[in-house]
Structures are given as structure tokens and as C-alpha cells.
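As C-alpha cells, the structure follows; a few thoughts come after it.
The values are calculated or read from the model by the stated rules, or taken from the named source; none is laboratory data. Quick caveat, the model's predicted, so the values are computed rather than measured. Virtual Cβ from ideal backbone geometry, glycine too; neighbours counted across all protein chains shown.
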């Protein structure tokens, strides 16, 4: 029998009585493990080897898990700080205990697991510690230590850890679970017969090249068999991101409803982003905690002087006979500061003021929209990212009302199969009346906030020289995507943590 050299080496290294792993065969034959695995499958297909496979799940600590192993789990640190504050005798101030535990950004994690594990309770700004709790016996802490001591990825049985506890570590991101498959090969009776009869190693050619054709070597060459049923290598070509596809679908819907698209700079002056919106300059959302300011250049010079004067007057004095304005300073230097836009309503201000382009000439009725990125220094979680897409829109017309605004939303979301909208009154510095929009998540059944809206106030419109009514909104594209696809975490559809298979296979649901 003539076989490729790798198959001969594997067949001779295998045993008819002692199943051998592919790793041990690779070590003995000095062949690449992948080549050994391929040869084992080929010999199995020819009936010369029998192959058994065993799949196990193995676990290893993540960086976060190793950090908790060194400094203790956040909930354990909270409990020990609570005991030190005598919370096992009477309630102690929660803030003081959290500071003493030095939890920082881990406070929410500690609180979430504190009650779950029975370390005590948290209520009305105080914390109580159960004096009978034993943090040294914490099963998750013990599991972290066991995985670390085992050195490397090990199974639950090897580490002597309960499977449910390991599952909890994986769900918390403290351990990674990976499947590992071990294959063992045994020489069959046919394989023994072939070895006894003698097996000749040959060099098989996998492809025909120009040199073999010109030399005539191909006549004496032995070629690898071609398996037309073998799976071909998967080639992943470029494709549009599902989020971008959803954005394009939103644009189609809004254009179909009679809207025109706006565009404008991502980096803009505070004047356009917030001052024109009648947002006081001492508003918390305008501090460095929420915005991304530029270090260079820091300010813009080309602001329309007349508009700056009117906006300043609205902030300091209000508008109309009963106007009062804000009782706080207004700085033109701050208004000229450059920052990444926290919302795309800066585009609305540019267009409504007719400073978006030279030939702007707005006459009611007008409808404009944009689907562009905005940037906020938010805490990243299941519904928030540092950058996101906002569906901005406004309608300029006579005698508009909130009923017109609600009807617009019902028509828009109906195009995406969302018909259970709920509206909740809210406060915005720039709209009155104002309300938030909510939709029911198709998987969890929870109400998800999907946007904010209202009628622009006179303090916004009068400085812009707009005399008609304007209804406006800012909707979250990612939240719309979550309701349309059933995704429970925004990071599963947008951002650096999105699974590549999702990007390759997901289709936008219209």
C-alpha cells in the first residue's frame, strides 16, 4: 500500500491496543499537530484508524478575575468595610463604607452581589452587615483561588470547583470557558493488516504547476485525491455594518415622509451645540464630566455676531414681556469653545438660523432630519456608549401641536413594526411641552427609552428669527436597533466588542 509520508508516520506511531492522542503522536513523529490531525482523519476515512473524540469545557481566569483574586471580590471588600464601620451592630452610612472599601468604579458591582450573597442589606443610603456571614468561605472567591492554583485552563473537575459557581464566574467576566477536544486514534484490523503487508511512503503532489508541465514530471507524479464534497474555505468579504444598514433604512423612511437631510460638523462651538438651545452655561451636562472638549484648536472665531447677541440676551434677559432668563453668567468665550457635539441638535440650530448654507431660505412648512453620530462622556453599560447615532429631526409649520408630534412618531416607528409606543412628560431647557418616548423590548418585555422630543421654546426660536412653530426630537438609532432585533445589550450590535459572526450574518429587520 502506498500512502503519503505523514499518514505512514501516524499509522506506524499509533497502536492497535492503546489509544493515543493526536498530541502524543505529533510529539513522537515530530509532525505539526494540525498535519497529524489531518492525517488521522484521512486514515479513518480509509478504514485504517478508529478515532474517538472527547470534548470538555476548560476555564481560565480573566484579567479582572486575577485582579479580584489579589484584592478580594468587591462585595467581600464592601462587607469587611461595613464590619469595620460596625454595620453588623447598627446601620452605617453607605457612602462612608464605600469610600472605606476604596471601591471606586466597582461600587455598583459590590452592591449587586452584596445582597445576593447574603452579606447584608442596603436601604435608604445605609448598609447593614450580617454578623454571621463568612467572606473567607465565599465560593466564588474560593473558585478564583482554585483556578489560579491549577495554573492554566482546567476543567471544573480538575479544579474541584462546582459547575454552577464556574458558570457564575463566567457570567461576571471573571473566568473564560472554552471547549477543548481531545482525539485518540487506534489502529484497526485493516490497519494492522496493511502494516504487516508493508506500507510505502510516497510524496504526493497537491497541485500541478508550470514546471511539472514543461518537464514532463507530471507523468510519473502521484497526486493527492480531490474531494469535491470537502467543505471549501469560507471567505468573508466586506459588507455594510448592520447599524449602517439600519441608518440607511431610517433615512429612506424619513425621506418617504417628506424630510430633507441635514449635515454639519462633528466638532462644533458650544454656541451651536448648547447656547442656541437655551441651555444655561452652568448646566451639569456642559461640564467636562459630560463633554469632550478639544485641546487644539480650542475656540472658533466665525460666529454670526447678531445671532450671538440675541442668544446672549435670551440667556440673560429672557424673551418677551414676561421673559426672565437665567440668573447666571453667560460667557462668549465659553460659547466659542470647540467640543465634540453631545447631540446632533447643533445641526438643527444651524439650519433653523439659516446659517447652514448660503442659499438657506426657510419658509413653512419645512421638514429636516439627520442620522449622525454624537459623543457623550457617559458610563458604558447595556444601553449607553461614548458615541452613538442620533436620529435628529424637526418640522417647521404653523399651528403645530403635541398631537402632530406623537402622530409623526407613530407613523415613523410603524415602519419598523413598533406600534406600542408610550409617552412620558419630561423637562428640557429647550422644549415645552416635552416628552420622552418608550418602546417595549421584544425579548425582556421591559420599557426602553428610545428618544426625547418636544416643541421648541420661544427662547430658542426668537433669537433664530423663527416665527412659526417647530416640533423637534432626538431618537436613539441603537435603541431602535435593539427593539427591532431583540438585542439586550447595545454593545452586542455596536462598538469594539461586537461578535464578528454577527457582523457577517446579521440582516436588518425592516
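Quick look at the values:
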{"item": "Test: residue in the range 170-189 that is more than 43 Å from the chain's Cα centre (by Cα), over 30 Å from residue 88 (Cβ atoms) and surrounded by fewer than 16 Cβ atoms within 10 Å (Cβ to Cβ)", "result": "yes"}
{"item": "Residues of the range 420-452 classified as farther than 28 Å from residue 315 by Cα, part of a loop (DSSP other than H, G, I, E, B) and touching a helix residue (DSSP H, G or I) at 6+ places or on another chain (Cβ under 7 Å), total", "result": "3"}
{"item": "Residue that is farthest from the chain's Cα centre (by Cα) [pool: residues in the range 33-49 that are exposed (fewer than 14 other Cβ atoms within 10 Å of the Cβ) and farther than 17 Å from residue 181 by Cβ]", "result": "47"}
{"item": "Residues that are touching a residue at least 40 places away in the same chain (Cβ under 8 Å) and either closer than 16 Å to residue 46 by Cα or over 53 Å from the mean Cα position of the chain (by Cα) (or both), drawn from the range 213-224", "result": "224"}
{"item": "Inter-residue pairs, beta-carbon under 9 Å, first at positive phi and in the range 188-212, second modelled with pLDDT under 85 and surrounded by 12 or more Cβ atoms within 10 Å (Cβ to Cβ), 6+ apart", "result": "198/1"}
{"item": "Hits in the range 228-256 - residues which are more than 30 Å from residue 417 (Cα to Cα) and assigned by TED's automatic domain parsing to the domain that holds residue 500", "result": "none"}
{"item": "Unique match (being surrounded by 20 or more Cβ atoms within 10 Å (Cβ to Cβ), assigned by TED's automatic domain parsing to the domain that holds residue 459 and over 30 Å from residue 496 (Cβ atoms)) among 352, 362, 400", "result": "352"}
{"item": "Checking residue 87 against (1) farther than 21 Å from residue 168 by Cβ; (2) in a helix (DSSP H, G or I), the condition it does not meet", "result": "(2)"}
{"item": "Leading residue by the ranking (farthest from residue 270 (Cα to Cα)) among those in the range 311-327 that are in contact (Cβ under 8 Å) with a residue 40 or more places away in the chain and buried (at least 18 other Cβ atoms within 10 Å of the Cβ)", "result": "319"}
{"item": "Candidates 467, 478, 462 - the one that is without any contact (Cβ under 8 Å) to a residue 24 or more places away in the chain and either within 30 Å of residue 325 (Cα to Cα) or in contact with a strand residue (DSSP E or B) (Cβ under 8 Å, 6 or more places away or on another chain) (or both)", "result": "467"}
{"item": "Any hit, the range 210-221, residues being part of a strand (DSSP E or B) and either outside the structural domain of residue 50 (by TED's automatic domain parsing) or in contact with a strand residue (DSSP E or B) (Cβ under 6 Å, 6 or more places away or on another chain) (or both)", "result": "no"}
{"item": "Selected residue (only one of 18, 70, 105, 52 is at pLDDT 90 or above, loosely packed, with under 13 Cβ neighbours inside 10 Å and either within 31 Å of the chain's Cα centre (by Cα) or assigned to a strand (DSSP E or B) (or both))", "result": "52"}
{"item": "The range 73-101: number of residues that are modelled with pLDDT under 90 and at positive phi", "result": "0"}
{"item": "Output for the range 133-147, where each listed residue is under 24 Å from residue 86 (Cα atoms) and surrounded by 15 or more Cβ atoms within 10 Å (Cβ to Cβ)", "result": "133, 135, 138, 141"}
{"item": "All positions within the range 383-397 that are farther than 16 Å from residue 451 by Cα and surrounded by fewer than 20 Cβ atoms within 10 Å (Cβ to Cβ)", "result": "386, 397"}
{"item": "Filter result (more than 30 Å from residue 105 (Cα to Cα) and without any contact (Cβ under 8 Å) to a residue 24 or more places away in the chain) within the range 47-69", "result": "none"}
{"item": "Complete set of residues in the range 203-220 that are surrounded by 14 or more Cβ atoms within 10 Å (Cβ to Cβ) and either modelled with pLDDT of 80 or more or in contact with a helix residue (DSSP H, G or I) (Cβ under 7 Å, 6 or more places away or on another chain) (or both)", "result": "212, 218"}
{"item": "Residue check, residue 132 out of contact with any strand residue (DSSP E or B) (no Cβ under 9 Å at 6 or more places or on another chain) and without any contact (Cβ under 8 Å) to a residue 40 or more places away in the chain", "result": "yes"}
{"item": "Selection from the range 267-296 of residues that are at pLDDT 90 or above and either assigned by TED's automatic domain parsing to the domain that holds residue 428 or not in a loop (DSSP other than H, G, I, E, B) (or both)", "result": "267, 268, 269, 270, 271, 272, 273, 275, 276, 277"}
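Matching residues to (1) surrounded by fewer than 21 Cβ atoms within 10 Å (Cβ to Cβ); (2) within 24 Å of the chain's Cα centre (by Cα); (3) modelled with pLDDT of 90 or more:
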{"position": "436", "(1), (2), (3)": "yes, yes, yes"}
{"position": "453", "(1), (2), (3)": "no, no, yes"}
{"position": "456", "(1), (2), (3)": "no, no, yes"}
{"position": "468", "(1), (2), (3)": "yes, no, yes"}
{"position": "483", "(1), (2), (3)": "no, yes, no"}
{"position": "489", "(1), (2), (3)": "yes, yes, no"}
{"position": "496", "(1), (2), (3)": "yes, yes, no"}
